[in-house]
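Peer 1: Pasting a structure here, questions to come.
Nothing in this text is a laboratory measurement; each read-out follows from the coordinates by a stated rule. Note that the structure is a prediction, hence the values are computed from the model and not measured. Here the Cβ is made from the backbone with ideal geometry for all residues, glycine too, and neighbour counts use every protein chain on show.
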Amino acid sequence: MPSAWQRVIAVVVQPGLEFGDDFILPYKPDEAKELSRFIERQSMIYEAHSTDYQPGDALKNLVSDHFAILKVGPSLTFAFREAVFALAMIEDELFAEDQCSQIIQILDDVMVKHPEHWKKYYRGDAADQAFKRKYSLSDRARYYWVRPEVQIAFGQLMKNLGEKPLPYSLLSQFVGETNLNATQVIEWKIGNVFDNYSMACRKNE
């Protein structure tokens, strides 16, 4: 077992940052000074847990303070969910109700029918839980995109919207970036999250 330590490159820590259903606690370098200095005497680095939704400056400070591995997950799937919901709203404006994918409602119906991935995490009354199923930063909806019913609805959504750029006014209203097709909307939303991490990990010049 002692030899196992020779293969360890990082220690997982959570240096005072956190997020919940509807809040984000940003990283504060001054409050993590002792933790940051400790690893300087070791042959390892830190992996920072729960870095999702941290602003760019906070991510840069984490890297500078030896938290070189930035664990991220829900903020990526949250961005995907945002993109799909935006596309569904655009779809509602362009197609008759009986032609629409109804993906937002179908996703929620599936989550209600199979609550094992969210029930113990989303507290509150029925209205609170309904809101969190859609919009919680913990994004428990990420476990449901692979469900057959949701996949069919997603396929219908993408088929309806096609590969041509979507109307400028609708992209401006629901996405915030223009001259994109449906696939590019999803890529753009997720790419923004990746860009935040990429910038944080670049060597300061």
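Peer 1: Order these peptides, 151-160, 182-191, by their mean beta-carbon neighbour count within 10 angstrom, highest first. The partial results should precede the final answer.
Peer 2: On the way: 151-160: 16.2, 182-191: 18.1.
Ranking the peptides 151-160, 182-191 by packing returns 182-191, 151-160.
Peer 1: Expressed in nm to one decimal, what extension gain is obtained for the pair Gln151 and Arg202 from 0.36 nm per residue of sequence separation less their Cα-Cα distance?
Peer 2: 14.7 nm
Peer 1: Would you mind classifying the chain by shape? Square roots of the alpha carbon gyration tensor eigenvalues, ordered a ≥ b ≥ c; an a/c under 1.5 is rounded, otherwise it is prolate if a/b is larger than b/c and oblate if not.
Peer 2: Prolate shape, in that a/c is at least 1.5 and a/b is the bigger ratio.
Peer 1: In degrees from 0 to 90, rounded to the nearest 10, what is the angle of the helix 126-135 Cα long axis to the longest principal axis of the chain?
Peer 2: Relative to the chain, helix 126-135 is tipped by roughly 80 degrees.
Peer 1: Test of understanding: what is the full-extension gain from Lys159 to Asp128, defined as 0.36 nm times their sequence separation minus their Cα-Cα distance?
Peer 2: On the way: separation 31, 0.36 × 31 = 11.16 nm, distance 3.26 nm.
The span from Lys159 to Asp128 would gain 7.9 nm if fully extended.
Peer 1: If you don't mind, another one. Which of Ser36, Ser136, Ser172 moves the most in a Gaussian network model of the chain with Cα springs under 10 Å?
Peer 2: Ser172
Peer 1: Roughly how many debye, to the nearest 20, is the charge dipole of region 76-189 about its Cα centre, given +1 on each Lys and Arg Cβ, -1 on each Asp and Glu Cβ, and no other charges?
Peer 2: So the magnitude is around 560 debye.
Peer 1: Let me ask you something else. Please list the non-local residues whose amide H lies under 5 Å from the amide H of Phe19, H modeled 1.01 Å from N, same-chain partners needing a gap of 5 or more.
Peer 2: Under 5 Å from the amide H of Phe19: Leu25.
Peer 1: Okay, next question. Restricting attention to region 21-84, which trypsin sites (Lys or Arg not before Pro) occupy a DSSP loop and are surrounded by at most 12 other Cβ atoms within 10 Å?
Peer 2: When the trypsin sites (Lys or Arg not before Pro) of region 21-84 are filtered for loop state and at most 12 Cβ neighbours within 10 Å, Arg41 remain.
Peer 1: May I ask you to compute the full-extension gain from Ser3 to Met44, defined as 0.36 nm times their residue separation minus their alpha-carbon distance, rounded to one decimal in nm?
Peer 2: On the way: separation 41, 0.36 × 41 = 14.76 nm, distance 1.49 nm.
My answer for the length gained is 13.3 nm.
Peer 1: Within 12 Å, Cβ to Cβ, of Gly16, how many net charges do the neighbouring residues add up to if Lys/Arg are +1 and Asp/Glu are -1?
Peer 2: So the environment of Gly16 carries a net charge of -3.
Peer 1: At most 11 other Cβ atoms within 10 Å and a DSSP loop assignment: could you name the GluC sites (Glu not before Pro) in region 108-183 that fit?
Peer 2: Glu163
Peer 1: Okay, moving on. Per residue of region 40-47, what does 6.51 cos²θ - 1.76 cosθ + 1.60 with θ = phi - 60° give for ³J(HN,Hα)? Whole Hz please, x for Gly and Pro, Karplus curve as stated.
Peer 2: 5, 8, 10, 9, 10, 10, 9, 9
Peer 1: Relative contact order, percent, of the chain when contacts are C-alpha pairs under 8 Å separated by at least 6 residues?
Peer 2: Relative contact order comes out at 22 percent.
Peer 1: Can you list which of the GluC sites (Glu not before Pro) found in region 27-103 are DSSP loop residues with at most 14 other C-beta atoms within 10 Å?
Peer 2: Glu40
Peer 1: Long-range amide H contacts for Thr51: which residues qualify at under 5 Å (H placed 1.01 Å from N, peptide plane, sequence gap of 5 or more or a different chain)?
Peer 2: Counting only residues 5 or more places away or on other chains, the set is Lys71.
Peer 1: When the Karplus curve 6.51 cos²θ - 1.76 cosθ + 1.60 is applied with θ = phi - 60°, which whole-Hz ³J(HN,Hα) does each residue of region 168-183 get, with x for Gly and Pro?
Peer 2: In residue order, the calculated couplings are 3, 5, 6, 5, 4, 6, 9, 10, x, 9, 10, 6, 10, 8, 4, 4 Hz.
Peer 1: Taking amide H atoms as placed 1.01 Å from N in the peptide plane, list the residues 5 or more away in sequence, or in a different chain, whose amide H sits under 5 Å from that of Ile45.
Peer 2: Answer set, sorted by chain and number: Ala10, Val11.
Peer 1: Using the Cα centre of region 2-72 as the reference point, and only Cβ charges (+1 on K/R, -1 on D/E), how large is the resulting charge dipole? Debye, rounded to the nearest 20.
Peer 2: Values: 7 positive and 11 negative charges, 90 e Å.
Using only the charged Cβ atoms, the result is roughly 440 debye.
Peer 1: Can you tell which of Phe95, Trp145, Tyr197 lies farthest toward the positive end of the dipole of the chain, using +1 and -1 charges on the Cβ of basic and acidic side chains (Lys, Arg; Asp, Glu)?
Peer 2: Farthest along the dipole direction, towards plus: Tyr197.
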